[in-house]
Amino acid sequence: MRVLALCAVLLATSAGPLFAQGDSGAPRGPRVRERIEHRFAERLRRELDLTDEQATRLREVAHENGRRRRELRSREHTLRAALDEQLREEAKADQDSVLRLTRELLQLRVEYAESWRREMGELDFLSPVQRARLMVMRERLLHR
């Protein structure tokens, strides 16, 4: 049960943008999300073979870092909306504003990568193989 709760936390903090893109409020959205979370939880438990202690610590790290990722996603959403607005009418776009927004989005990507690197460093209680599998599993889920 702990592992399932851990998986839900990891999925919620890692795949938020995925669900936000695909869930337009349609009635089937929550069912699809629930099915994906369940499958991810099963794979995580099986492939990482976590002990109870590892599961607890992983849940704590995911929770702490999830807040940071949500803040970054919120900033990204705001920046993308502003950039989209500028680019709607390209001829009227403020060049300085577009340049600033583009630079900020690129900096945000760097911050996100640094956040990911820090989080992976906090997972020193997992073996290198477990960390690598976790990273691969998250990336695959997000790319779907």
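Side notes on the structure shown:
- With the highest mean first, a sort of the peptides 90-97, 48-55 on other beta-carbon atoms found within 10 angstrom per residue produces 48-55, 90-97.
- Summed residue charge, Cβ within 14 Å of Leu126's Cβ, Lys/Arg positive, Asp/Glu negative: -2
- Taking a ≥ b ≥ c as the square roots of the Cα gyration tensor eigenvalues, segment 59-112 comes out prolate, since a/c reaches at least 1.5 and a/b is larger than b/c.
- Residues of segment 40-144: accessible area per residue with a 1.4 Å probe, Å²: 67 Å²
- Fully extending the segment from Ala81 to Ala113 would add 9.4 nm, taking 0.36 nm per residue of separation and subtracting the current Cα-Cα distance.
- Computed accessible area, Glu104, all protein chains, 1.4 angstrom probe, square angstrom: 70 Å²
- Rounded, prolate or oblate (a/c below 1.5 giving rounded, otherwise prolate when a/b exceeds b/c) for segment 76-144 by Cα gyration tensor: prolate
The values are calculated or read from the model by the stated rules, or taken from the named source; none is laboratory data. As the structure is a prediction and not an experimental result, all values here were calculated from the model. Backbone-built Cβ (ideal geometry, glycine too); neighbour counts: all protein chains shown. Side chains are part of the model used for accessible areas, which takes the heavy atoms of the whole protein and leaves out ligands, DNA and RNA. Shrake-Rupley method; radii C 1.70, N 1.55, O 1.52, S 1.80 Å.
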